[in-house]
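Below you'll find the structure, written out as structure tokens, and then a few comments.
Derivation of every value follows stated rules applied to the coordinates shown; laboratory data play no part. Quick caveat, the model's predicted, so the values are computed rather than measured. Virtual Cβ from ideal backbone geometry, glycine too; neighbours counted across all protein chains shown.
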Amino acid sequence: MTKLDSGLRHDWQVEEIEALMDLPFNDILYQAHTVYRQYFDTNSIQISTLLNIKTGGCPEDCGYCSQSAHHQSGLEKEKLMQKDEILAAAKKAKEKGASRFCMGAAWRSPQQRDMPGLCEIITEVNNLGLETCMTLGMLDQDKAKQLKAAGLDYYNHNLDTSPEYYDKVITTRAYQDRLDTLQVVRDSGMKVCCGGILGLGENRRDRARLLQTLANLAEHPESVPINMLIKVEGTPLENVAPVDSLEFIRVIAVARILMPKSMVRLSAGRLEMNDEMQALCFFAGANSIFYGERLLTADNPEPEHDHQLFSRLGLRTNH
Ligand code: SAM
Ligand code: DTB
Ligand code: SF4
């Protein structure tokens, strides 16, 4: 455990987390917001912009994903984007106010032949004055070291759901593979961005187990994205029942309570959330979002709409 991490708990029992989830809504919000105020300026949120630098044709079978070659989402497979195109998108994101640029690739893991190009991209995006994040699939120690040496600030690698529910959603890799990559990323010295998705058909215990796994990592991820499933036609999860909005807010609140110093990111699915729901997520402790009209392949709220929302809520976007 690092110094920064001292005083934080890493020994949560699932029953304790379920008890938090079961609290009356006002109590859970009050508790989460109290913790939130101890550690953060609660009127300030961080914004990151995403770019899919390699689209489609992914060999993994993640049941939620438009980019898996196993599903018929109609998405055309593309090659890794050219560096200049990526840099142009990064400049635009910076001009529009993003502080971090997150690049995603539809890979099971990157190949060594892609590494020098990826490392150049990282260095040049950093030189624009942006923090960098990548999500490229599984990493071994050597590749994690190369990314770190190039200056990559964050690596995103989600656990997505509970260990028990994982193989209902993904069969081409195991939960332990995810944990192994997270360890390699942590050991390399990069910051960890790791969270999950709600709405995969999981139950409340699965949600508690996901949060328990995240909070009981040796160090809490610096960034914890909580995604609401975006249902994609042609994927196995296209018809799954939606998660109740208040349940989603409860999960944000419990993430804040368990990981008080982490950035909790209200991630995919905001287009389906009204302003009032997002406001409650921000009250419950979400302090980061993806900003820009597109996520990886799916739409995100218009930046203008987000600005209006921030202004109506008195939120600043300056970390
Ligand atoms: N291939 C890499 C991987 O899986 O780690 C990186 C890209 S992957 C698209 C990044 C994350 O986006 C996934 O782990 C998942 O949590 C999230 N995601 C993907 N499709 C989604 C969807 N339809 N709705 C919500 N979140 C989604
Ligand atoms: C994360 O947890 N959510 C982002 C980011 N990390 C890479 C991705 C959301 C993807 C939503 C579906 C899509 O755009 O294809
Ligand atoms: Fe591939 Fe990532 Fe999509 Fe899974 S989530 S199919 S690994 S791009």
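Would you kindly calculate the translational diffusion coefficient of the chain, applying Stokes-Einstein with the Kirkwood radius from alpha carbon pairs, for 10 °C and a viscosity of 1.306 mPa s, and quote it in µm² s⁻¹ without decimals? Estimated diffusion coefficient is 81 µm²/s. In the chain, the calculated helix contribution to ellipticity at 222 nm averages -12000 deg cm²/dmol per residue, counting -39,500 (n - 2.57) for every DSSP H run with n ≥ 4. May I ask which of LYS94/LYS261; LYS79/LYS168; LYS191/LYS261 have a Cα-Cα span longer than 19 Å here? Pairs exceeding the cut-off: LYS94/LYS261; LYS79/LYS168.
Length gained on full extension, HIS70 to PHE25, computed as 0.36 nm times the residue gap minus the Cα-Cα distance: 12.2 nm.
The ranking of ASP206, ASP11 by Cβ neighbour count inside 10 Å, starting from the fewest, reads ASP11, ASP206. Estimated from the Cβ-Cβ distance and a Förster radius of 45 angstrom, the FRET efficiency linking GLU85 and GLU238 is about 0.90.
Given their separation in residues at 0.36 nm each and the Cα-Cα distance between them, ASN43 and LEU179 gain 45.7 nm when the chain is fully extended.
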